[in-house]
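Structure first, commentary second.
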Amino acid sequence: MSSLPESVMALDRMVHEPARLVILSALSTAQAAEFRFLEFLTGLTPGNLSSHVAKLEAAGYVVIEKGFRDKRPLTTLKITDAGRAALKKYREQMKKALA
Amino acid sequence: MTTRPLTTEQLDEVAKLTRDYASYSRDAAGLGGVIGGLLYFVTRFLRPFYYTHTPFWTPAAMAFIVVAPLLWIAAKEWLRRSYYQIEGEVQPRENVVDRIGFWTFTAVSALVSVGLAYWMIVNANVATNVLGHRPGLGFEVGPPGYVRASVAVLVVLALPLVTGRFLRGRYEYFVGACMMFHSARAIYGGQMYNQPPDFLLVGSFASKFYLVAAIGLFEIGGLLCAVILLVEGWKQHQRFQKIRQRMADLRMPA
């Protein structure tokens, strides 16, 4: 098997996954977004989305805040500075890899 | 959407769509703007429809003018939560410039509010009514007048809080401020408020050209902003439908 170019190997796998890339891209232009907005945007099931969000949280790329609104559970997500930097770095690396 | 990787352009579009969607949680009112514009016109031109044999507005029309700002804010908030953010609320990202702009705007709004309250207390004879020295321009004397005058001043003083929280767009702000001012005048004004056009009446009492000009500009400015708000609100509503449709398109599996 031929080895992949170094520029591709250097990509952050946490960001590279399509669903997580969409989540980070969306959060990058917002102060905060509700979990159900990301459900609508990505078309993922709640369980699948939770799994991706948990991975991003573990990597320190997003912060999850849980609370209540009108006595209903409310989950809000925010991108962190590390998440924003990782997304920016990924986009730059992709540009180089595709150039 | 996530069944396939998106291109760089599509990811940029996702980010832009999210930003546009988020604007409807704060600045863009959509149909809320249309309702605000219409309500303002109704409150300003209600008189011909409610004209009776007396030169005064009916109590129902006066009550409508008083509650119009509340009706607008309630309708706007309901639309925001039940329509424009139905897929989940997204708060727009604010940078330092936005924050400085907001606080400058709020400070100016507070100054206007205090200025108007001062004008009401000193120039519009609310003080004389409250103190019971002599009847003002048709104001009631005694406890009912005192309560009405106090509520009216409180409405005006609440202006920066209400606009800062609910009416963040510039045209929304101006129309909302005009509407709240008319509401306050309807609360305390009594008979005086029933004599249109307001600016000529006040001017004739005050005999001051600058006051006539200022109130005239205020009236014209309010109506112009209401027209802009109405048109802009409708355009925002149409744009929102496109944003939502585009989000759904991007989500479709390959």
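By other beta-carbon atoms within 10 Å, ranking A:Leu87, A:Leu38 with the fewest at the front produces A:Leu87, A:Leu38. I need the fraction of alpha carbon pairs in region A:6-98 separated by more than 23 Å, rounded to a whole percent. For region A:6-98, the fraction of Cα-Cα distances above 23 Å is 24 percent. A simple spin-label model places pseudo-atoms 7 Å from Cα toward Cβ; at B:Ile228 and A:Ser50 they are separated by 4.8 nm. With 32 Å as the limit on Cα-Cα distance, the pairs of B:Lys76/B:Lys242; A:Lys71/B:Lys235; A:Lys89/B:Lys76; A:Lys88/B:Lys76; A:Lys96/B:Lys235; A:Lys95/B:Lys235 that go past it are A:Lys71/B:Lys235; A:Lys89/B:Lys76; A:Lys88/B:Lys76; A:Lys96/B:Lys235; A:Lys95/B:Lys235. Going from the residue with the fewest nearby Cβ atoms within 10 Å to the one with the most, B:Val67, B:Val153 rank B:Val67, B:Val153. Short-range pairs are left out: with C-alpha atoms under 8 Å and at least six residues apart, the relative contact order of chain A is 36 percent.
Listing A:Phe37, B:Phe218 from fewest to most neighbouring C-beta atoms within 10 Å gives B:Phe218, A:Phe37.
FYI, it's all coordinate maths here, none of it is from the lab. Quantities reported herein were computed from a predicted structural model and do not represent experimental measurements. Cβ: placed from backbone, ideal geometry, glycine included. Neighbour counts: every protein chain shown.
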